[in-house]
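First the structure, in the form of structure tokens, and then the observations on it.
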Amino acid sequence: MAATLCCRLFPKAGWVPLTQSVRHGSKAVTRHKKPVHFQKQKLLAVTEYIPPTLSAPPAALAPRVKKTEEESPLAVMLRKDLESLFKEYKMIAVVQNNAITAEDLMLLKHRLKKHTISIKFFPNQVTRSFLNSSIYGNMSPLFVGKTVLFVSKEPKVKEMLQVLRHSPQMVLLGACIENTLLSYQGILSYSKLPSIAIIRGELVSGLTMMTSKTVSMLHHHPAHLSALLQQYVKQQSSADTDKGASIQEAAA
């Protein structure tokens, strides 16, 4: 009995069983995670996101002291000169200097001096600082590069344009004429206006013509009335004489 059981439980050598188990489903994991390369580890460490630290509230920080640079005495003096310049002169033109020679500049000064026009040189930094703190702040964009000022106590625009025709190196950018900022086209339009003497003469002639016309109109009605009265008197006198003659003829 025991022998038969052992024979059945333990098969003989070389014996193949009738049934065979087959495995289905996913395969076994044979790939393992490779270690990260050293260069990649360094790159990841360098590019790692570090969140910013929260700053302290503004009240906890000490106030920053702003350093203010004091102007040099020369700049203060130039600012005062500019202020007096804008007060005294009625025409201040901004001209760009495109590498004019010293000889041509002296000739230009001589030509402008004949019309009582002067040339003034001021640094752009000082000029812009003065203009930004004054009512002439709209002129500050004109001062770029090498610029000079043509100033005159009377607005002699036509004479200035005639002189600048002989100096192509000097380019007119704009001007402040009688507290009015003008562009280049505005300066050309201003130069075409008649002079003050001509305008005054036209005004005086117009006023005298109006007064003479008014006087003539005032004298017209009385003169007309007197003429009518004289004509009426003549007509009455002629009628009386005609009546007297007719009466005499009737009596005869």
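The values are calculated or read from the model by the stated rules, or taken from the named source; none is laboratory data. For clarity, every value in this text was computed on a predicted model and none was experimentally measured. Note that we place each Cβ from the backbone using ideal geometry, even for glycine, and neighbour counts take in every protein chain shown. Note: areas computed on protein heavy atoms with side chains; ligands, DNA, RNA excluded. Shrake-Rupley method; radii C 1.70, N 1.55, O 1.52, S 1.80 Å.
Overview of results
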item	result
Protein accessible area in segment 87-180, 1.4 Å probe - carbon and sulfur %	51
Solvent-accessible area of Ile50 with every protein chain in place, 1.4 Å probe, in Å² to the nearest 10	130
Qualifying GluC sites (Glu not before Pro) in segment 150-231, DSSP loop, other Cβ atoms within 10 Å at most 14	Glu178
Cα-only radius of gyration and Dmax that characterise segment 75-142, units Å	13.2, 36
By accessible area with a 1.4 Å probe, ligands and nucleic acids excluded, highest first: order of Lys120, Lys158	Lys158, Lys120
Accessible area in the full protein assembly, largest first, 1.4 Å probe, for Tyr49, Tyr184	Tyr49, Tyr184
All-pairs Cα distance distribution in segment 178-217, expressed in whole percent, bin size 5 Å	6, 19, 15, 15, 12, 11, 9, 7, 5, 2
Solvent-accessible area of His224 with every protein chain in place, 1.4 Å probe, in Å² to the nearest 10	100
Principal axis box of segment 79-214, alpha-carbon based, largest edge first, Å	60, 35, 24
Cα extents of segment 144-233 along the three principal axes, largest first (Å)	89, 25, 21
Distant alpha-carbon pairs in segment 31-151 (separation over 17 angstrom), percent	73
Amide H partners (placed H, <5 Å) of Ala175, local residues excluded	Val94, Leu182
Cross-link pairs beyond the 18 Å C-alpha cut-off, checked among Lys80/Lys156; Lys87/Lys120; Lys87/Lys153	Lys80/Lys156
Shape box of segment 119-168 [Cα atoms, principal axes, largest first, Å]	33, 23, 16
